[in-house]
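Working notes, structure below.
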Amino acid sequence: MKYLELAKFFEKIEGLSSRNEMTSEMASFLKGCDQKEAQIVAYLMLGRVAPLFVNAEFNYSEKSLINLLTEYTKENVSKKRKEVGDIGDTVLEVWEKYSKNSSNYDISDIYELLWKIVNTKGTGSINQKNSTILECLKKLSPLESKYFVRIICGELRLGLNARSMLDVYSVYLVGDKGLKDILEHAYGVCADIGYLAGIVVGENAQEKLNNVDVRLGTPILSRLVERVGSFNEIFERFEKDIIVQPKFDGLRCQIHKWSKGRQAGDNKTVWSEYLQNENISQGLFGVGEAFNSEVRLFTRNLEDVTEMFPEIVESARNLPMESFVLDSEIVGWDYKKGKFLSYQETMQRRRKYSIGEKSTDIPVKSFVFDLLYLDGGSLITKDTKKRLDSLENKFGSTTGGIELAESKLISSLDELKEYFNKCVNEGLEGIIVKQFEEGYKPGIRNFEWVKIKKSIEKDLVDTVDMVIVGYYYGSGRRSTLGLGAILCGIYNEKEDTIDAICKVGTGIGDDLLKEISIKLKEISLKDSPKNVRYQDSLKPDVWVQPQYVVTVDADEITKNISKGKKDIGGGLSLRFPRLIEFGRDKLVEDITTVEELVKMDNLRKNS
Ligand code: ATP
């Protein structure tokens with residue numbers, strides 16, 4: 001298939017506002033793809049060349065592209081970008097006289113070129129990337145260029161995410177969303193939307209989807225946790241005894257270990273199954289040591305953080321078990337005092353790493369609370385109690401960087417409260433209560449696992465994760481820092497919109513204010529983003545691309561008293577909101593939903 005066809009398809013999708021229309025258009029487009037093309041298209045739709053768990057980033061900014069084009073065309077590309085409001089449309093205009101009618105590139109040619117950009121690393125890489133990009137742009141038509149540059153600058157945003165691609169696959173296979181559960185499970189186990197695309201357009205798709213199983217080195221989606229409004233509710237919801245574990249406040253981490261050359265299943269990496277043995281060189285799939293190494297660590301966002309936590313990797317290597325997948329939380333640990341560090345300190349370790357400092361001055365430990373795979377066999381369909389028993393039997397004596405979390409069987413309300421208080425006094429965030437029966441259920445949130453945080457007695461029953469959609473200049477001293485407050489939104493699943501519900505200006509120190517201000521300026525927009533709804537009274541001075549996720553706490557959830565559009569955010573807002581964390585390790589698609597906020601409001605009222 002020609003790349004021009006894909007660019008035309010992107011253009012079509014971009015013009016649609018209905019999610020259902022997008023889904024059926026995408027399903028028909030896949031009909032024209034073979035397995036390899038389907039896999040490539042699935043990654044490209046999400047602006048990537050590989051699944052999220054492969055560190056394959058373009059690391060190329062809009063600014064670099066603007067400089068490149070300015071130098072070549074001698075035009076004021078930066079001014080054009082400001083007028084047009086988008087890098088793709090800017091290139092469409094600026095590059096017209098330098099482009100061809102059509103490149104004649106196939107999808108796989110463009111895919112190879114994109115990989116070449118990803119794999120250009122180290123000193124001098126920006127010049128090398130520039131020359132690859134320029135050579136490519138000279139061969140592309142304006143429409144092809146528009147989407148090529150949006151992909152490399154991370155600005156594609158077609159409005160489909162991994163979950164909506166599952167709907168596409170279901171529509172492709174049976175004409176409606178009837179295969180949702182099978183697809184969700186398959187995606188939960190392999191976290192690879194491209195690999196699934198390859199299966200879907202191939203033979204015996206449904207049977208193969210049913211058989212997707214855990215593979216070491218490929219992350220499983222993290223199981224999520226529901227909230228309850230009171231201790232009593234726990235015993236109303238769980239009929240039998242319960243398992244209670246401490247709630248660690250850190251970074252979710254899935255630890256995979258396998259012996260070199262002995263991966264589960266065959267030796268192939270799942271995601272390159274349909275792409276191998278083609279023109280794309282094997283070297284491209286090497287992606288560092290990713291698939292030779294025997295230990296891999298993944299966050300809940302599927303980010304590969306193996307390099308970031310060498311002490312956890314070493315501890316995993318030292319464990320006598322040949323192969324396993326552990327679910328755990330990484331928390332900063334003060335070895336001298338034998339105490340947890342705060343969430344902020346733990347995250348400091350992560351932040352330092354992301355700016356290139358290989359910090360070991362904030363030591364961490366990983367507290368293991370589940371076992372998903374052991375010595376050749378997946379455990380995800382086994383009951384929680386059974387998995388935890390195996391975990392304790394095998395890993396009970398573990399110490400050092402990896403430690404077993406306590407699992408306590410509790411049968412009375414008093415015991416539960418006592419255990420909760422003990423955890424909170426030890427500096428933990430609360431407790432997680434788990435039902436004895438049922439399997440692990442990747443990516444699913446239901447009442448088989450619930451959390452009670454120490455905030456339950458005051459404020460909201462839980463913090464709210466929101467995405468920043470705009471900002472205000474502010475007044476007085478703050479205006480000199482370029483930012484006074486941010487406008488934050490939650491996700492409205494019914495409408496498929498982000499509903500902006502509150503302005504947050506408290507809880508942001510000067511340094512953070514400056515950092516946020518710089519980051520938001522880079523993603524500012526001329527108008528409000530297509531899928532954002534807001535009350536006129538909340539209109540910000542500057543709109544931004546919804547990209548940065550923040551955690552917000554507040555005194556309470558309130559009814560929005562302004563007379564505007566009532567259904568925005570379920571008609572709810574937050575009273576005295578304050579920023580708890582900027583740059584949460586969460587995808588925009590995982591922020592708090594309107595439905596969840598309504599539930600949180602009811603929990604408080606009923607407790
Ligand atoms: P949510 O998961 O509800 O979207 P969140 O990201 O703010 O919200 P938390 O409210 O902190 O997460 O609760 C769930 C998280 O708690 C899990 O993703 C995991 O990282 C962490 N956690 C800590 N201890 C445990 C445990 N014993 N069992 C399961 N998860 C735990």
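Read-outs: derived from the displayed coordinates by stated rules, not from any lab. Remember, it's a predicted structure, so these values are computed and weren't measured experimentally. Glycine gets a Cβ as well: all are built from the backbone with ideal geometry, and neighbour counts include every protein chain shown.
A few remarks follow.
- Gained length - Lys417 relative to Glu5, 0.36 nm times residue gap less alpha-carbon distance: 142.2 nm
- Relative contact order of the stretch 428-497, defined on C-alpha pairs under 8 angstrom at six or more residues apart (%): 23
- Using 0.36 nm per residue and subtracting the Cα-Cα separation, the extra length available between Lys177 and Lys519 on full extension is 119.3 nm.
- Among the trypsin sites (Lys or Arg not before Pro) found in the stretch 446-546, those both in a DSSP coil and sparsely packed, with 13 or fewer other Cβ atoms within 10 Å of their Cβ, are Lys458, Lys494, Lys526, Lys530.
- Annotation for the stretch 150-205 versus the stretch 1-55: alpha-carbon center distance of 10 Å.
- When each of Lys121/Lys146; Lys74/Lys146; Lys74/Lys539; Lys526/Lys559 is checked by Cα-Cα distance, pairs over 26 Å: Lys74/Lys539; Lys526/Lys559
- If you plug the beta carbon distance of Leu224 and Thr480 into 1/(1 + (r/R0)^6) with R0 = 45 Å, you get a FRET efficiency near 0.60.
- Karplus-derived 3J(HN,Hα), 6.51/-1.76/1.60, for each residue of the stretch 573-590, Hz, glycine and proline x: 9, 10, 9, 6, x, 9, 6, 9, 8, 9, x, 4, 7, 9, 7, 4, 5, 9
- Under 18 Å from Lys257, Cα to Cα: lysines that are on another chain or at least 8 residues apart: Lys268, Lys365, Lys394
- Size of the stretch 380-446 from its Cα atoms: along the principal axes, largest to smallest, the extents are 33, 32, 23 Å.
- Of the residues Tyr98, Ile66, Thr132, the one whose Cα sits farthest toward the positive end of the charge dipole of the stretch 63-140, with +1 on the Cβ of Lys and Arg and -1 on the Cβ of Asp and Glu, is Ile66.
- Between amide H atoms placed 1.01 Å from N, distances below 5 Å from Leu572 occur with Asn560, all of them 5 or more places distant or on a separate chain.
- Cα centroid separation - the stretch 529-561 against the stretch 69-102, whole Å: 32
- The chain: relative contact order as a whole-number percent, Cα under 8 Å and 6+ apart: 13
- Where the alpha-carbon atoms of the stretch 472-607 are placed on the principal axes, they occupy 43, 32, 31 Å, in descending order.
- The stretch 142-188, Cα convex hull volume normalised per residue, Å³: 94
- Label-point gap, in nm, between Ser64 and Phe436 - each point 7 angstrom along Cα→Cβ: 5.7
- Here's the picture: a label point sits 7 Å out from the Cα of Glu406 along the beta-carbon direction, and within the stretch 200-243 the residues with their amide nitrogen under 15 Å of it are 243.
- When each of the peptides 316-324, 242-250 is scored by how many other beta carbons lie within 10 Å of its residues on average, the order from highest to lowest is 242-250, 316-324.
- The stretch 464-606 - percent relative contact order, Cα under 8 Å, separation 6 or more: 30
- A simple spin-label model places pseudo-atoms 7 Å from Cα toward Cβ; at Glu239 and Asn104 they are separated by 7.1 nm.
- The H on the amide N of Asp541, modeled in the peptide plane, is under 5 Å from the matching H of Tyr471, Tyr472, Tyr473, each at least 5 residues off or on a different chain.
- As a calculated quantity, the FRET efficiency between Glu96 and Lys31 at R0 = 30 Å, using C-beta atoms, amounts to about 0.40.
- For the chain, calculated [θ]222 nm from helices alone, where every DSSP H run of n ≥ 4 adds -39500 (n - 2.57): -11000 deg cm²/dmol
- Segment Arg604-Ser259, extension gain: residue separation times 0.36 nm, minus the distance between their alpha carbons: 119.3 nm
- Working note: Karplus 6.51/-1.76/1.60 with θ = phi - 60° gives the stretch 331-346 the couplings 10, x, 9, 8, 5, 5, 8, x, 10, 6, 8, 6, 4, 4, 5, 4 Hz, where Gly and Pro are set to x.
- Once the Kirkwood radius over Cα pairs is known for the chain, the Stokes-Einstein relation at 37 °C and 0.692 mPa s delivers a diffusion coefficient of 127 µm²/s.
- Within the stretch 328-430, the chymotrypsin sites (Phe, Trp or Tyr not before Pro) that combine a DSSP coil assignment with at most 11 other C-beta atoms in a 10 angstrom radius are Tyr335.
- Taking amide H positions as modeled 1.01 Å from N, with prolines and chain starts lacking one, the residues under 5 Å from Ser141 and 5 or more places away or on another chain are Lys100, Ser103.
- Label-to-label distance, nm, for residues given as Asp496 and Thr381 (7 Å Cα→Cβ offset): 3.3
- For the stretch 146-175, chymotrypsin sites (Phe, Trp or Tyr not before Pro) are listed when DSSP marks them as loop and at most 16 other Cβ atoms sit within 10 Å of their Cβ; the list is empty.
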